[in-house]
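Here's the structure we're looking at; comments come further down.
The values are calculated or read from the model by the stated rules, or taken from the named source; none is laboratory data. Remember, it's a predicted structure, so these values are computed and weren't measured experimentally. Ideal geometry is used to build each Cβ from the backbone, glycine not excepted, and the neighbour counts take in all protein chains shown.
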Amino acid sequence: MTGSDGIVITRGPGAAGRASGSSAADSTASRLLRAGEYYDGDAQEGSLRPRLLHEFQGQKDVRDNLSVFIEAARSRGESMDHLFLIGPPGLGKTTVAQIAAHELGADFKVTSAPALEKPKDLAGILSTITERTVFFIDEIHRLKPAIEEMLYIAMEDFELDWVIGQGAAARTVRIPVPRFTLVGATTKAGMVSSPLISRFGIVLRFSFYSRSELASIIRRSAGILGAQTDEDAALLMADCSRGTPRVANRILRRMRDFAQVAGSGRITRAVVEQGLERLGIDSLGLERYDREILSSIIQNFGGGPVGAETLAISIGESIDTLEDYYEPYLIQCGLLQRTPRGRVATDKAYAHLGLQRRTGNADERLLF
Ligand SMILES: Nc1ncnc2c1ncn2[C@@H]1O[C@H](COP(=O)(O)OP(=O)(O)OP(=O)(O)O)[C@@H](O)[C@H]1O
Ligand SMILES: [Mg+2]
């Protein structure tokens, strides 16, 4: 789900100039931003992405810990320890990586594990970084083994193992690399090897945002977008944002459109109520696919358990999207359970969809 962010960089407001780092690294879809320049990622998200730690709302533990580690590294004039970020899509991993670089006054280098095909791709990037650079690898669970091996040495010894020559004449030389901070992000911590995780000095886990945290993100974003928003409208948008800032910002933008075209331009509770209905977002923030997942488990598989693969096929989605994007929030809402035998719809899911579970029947067929 990390999609295009992580590999596209444009210049943000206040940046001194366009990133100029072109190198072999460009062929691996990585980009270098000099200290003080901003990573916008997706242009839609860019303007709303917090640049500094104090603009980053919620995730108190992440913020508090990070501020200590940044402050300590900054006062020693050293690179910060390697940082591992875990959490569902849209909760702020890329944002935190960029904030770390900016707060440290360091360059920011971005790539994504699938873009690193050969060890030379990684070597190309590491040979262009400067001292204290924050090097962000998105989707780090998708690193190839040979690249992971190379990264171990770079992370621990700040050296690169490089093979020169071929066959019997081949020999390995160790090339020093500047002391950098690796920031690895993943939505699937379970798929990252333990040798890799153990090389990160700092591990931060993101959790879904609370209603009040999302409301303050919406207020901040509305201020940046110049969209007048009533307080009760902000709270309603927060309720329907799946605990996720990216979704909150997306809903805010759409409501701004509705308010502009169909209303006075002001985002009121009535505008949000109508807008959510038009977008097919319900009171829990579920979208069409969320409801399809639940109704498929209930109607096609007797409420479960059903394997993730079968479920993904039945709703026409990839298993990655099912597991990374849809399931965490459904589980968080208490609508879905992951069991060793497969996915199960809970009583709350039946109630939310207005369906009844037939009791006393092994098949758990439905009564409509
Ligand atoms: N704590 C926050 N405060 C304010 N806005 C936030 C916060 N976290 C995220 N956002 C907003 O949400 C958007 C998505 O965040 P980000 O790109 O950092 O998520 P991510 O965890 O990297 O997602 P993915 O796994 O899909 O790459 C950002 O552009 C930013 O505008
Ligand atoms: Mg990201």
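Remarks
Condition check ((1) over 23 Å from Ala189 (Cα atoms); (2) crowded, with 19+ Cβ neighbours inside 10 Å) across all residues:
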| site | (1), (2) |
| --- | --- |
| Gly285 | yes, yes |
| Pro305 | yes, no |
| Ile313 | yes, no |
| Tyr325 | no, yes |
| Ile331 | no, no |
| Gly334 | no, no |
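- Answer from Gly58, Gly90 - the residue that is surrounded by 22 or more Cβ atoms within 10 Å (Cβ to Cβ) and either within 14 Å of ligand 1 (Cβ to nearest atom) or at negative phi (or both): Gly90
- Criterion applied to Ala146, Ala168 was being more than 22 Å from Lys118 (Cβ to Cβ), among the hydrophobic types (A, V, I, L, M, F, W, C), in the same structural domain as Asp61 (by TED's automatic domain parsing) and not in a strand (DSSP E or B), and the one residue passing it is Ala168.
- When the range 321-368 is limited to residues that are of a type in the set (Val, Ile, Thr) and assigned to a loop (DSSP other than H, G, I, E, B), the one that is modelled with the lowest pLDDT turns out to be Thr359.
- Residue satisfying all of: in the range 97-143; basic (Lys, Arg) and in a helix (DSSP H, G or I); nearest to ligand 1 (Cβ to nearest atom) among these: Arg142
- Flag if Leu85 is part of a strand (DSSP E or B), touching a residue at least 40 places away in the same chain (Cβ under 8 Å), within 11 Å of ligand 2 (Cβ to nearest atom) and outside the structural domain of Pro245 (by TED's automatic domain parsing): yes
- Condition met for Thr186 (away from ligand 1 (no atom under 12 Å from the Cβ), within 20 Å of Ala101 (Cα to Cα) and either surrounded by fewer than 19 Cβ atoms within 10 Å (Cβ to Cβ) or touching a residue at least 24 places away in the same chain (Cβ under 8 Å) (or both)): no
- Failed criterion for Ser198 (all others in (1) more than 16 Å from ligand 2 (Cβ to nearest atom); (2) within 19 Å of the chain's Cα centre (by Cα); (3) loosely packed, with under 15 Cβ neighbours inside 10 Å hold): (2)
- Annotation: Ile281 fulfils all but one of (1) in a helix (DSSP H, G or I); (2) touching a residue at least 12 places away in the same chain (Cβ under 8 Å); (3) in contact with a helix residue (DSSP H, G or I) (Cβ under 9 Å, 6 or more places away or on another chain); (4) surrounded by fewer than 24 Cβ atoms within 10 Å (Cβ to Cβ); the unmet one is (1).
- Test result for Leu160, free of Cβ contacts under 8 Å to residues at least 40 places away in the same chain and crowded, with 19+ Cβ neighbours inside 10 Å: yes
- Screening Leu284 with (1) modelled with pLDDT of 95 or more; (2) in contact with a Lys or Arg (Cβ under 9 Å, 6 or more places away or on another chain) gives one miss only, at (1).
- When restricted to residues that are without any contact (Cβ under 8 Å) to a residue 24 or more places away in the chain and part of a loop (DSSP other than H, G, I, E, B), the range 284-300 contains 1.
- Test: residue in the range 106-125 that is more than 16 Å from ligand 2 (Cβ to nearest atom), within 24 Å of Gln59 (Cβ to Cβ) and crowded, with 22+ Cβ neighbours inside 10 Å: yes
- Annotation for the range 21-35: at least one member residue is of a type in the set (S, T, N, Q), at pLDDT below 95, closer than 19 Å to Thr181 by Cβ and not in a helix (DSSP H, G or I).
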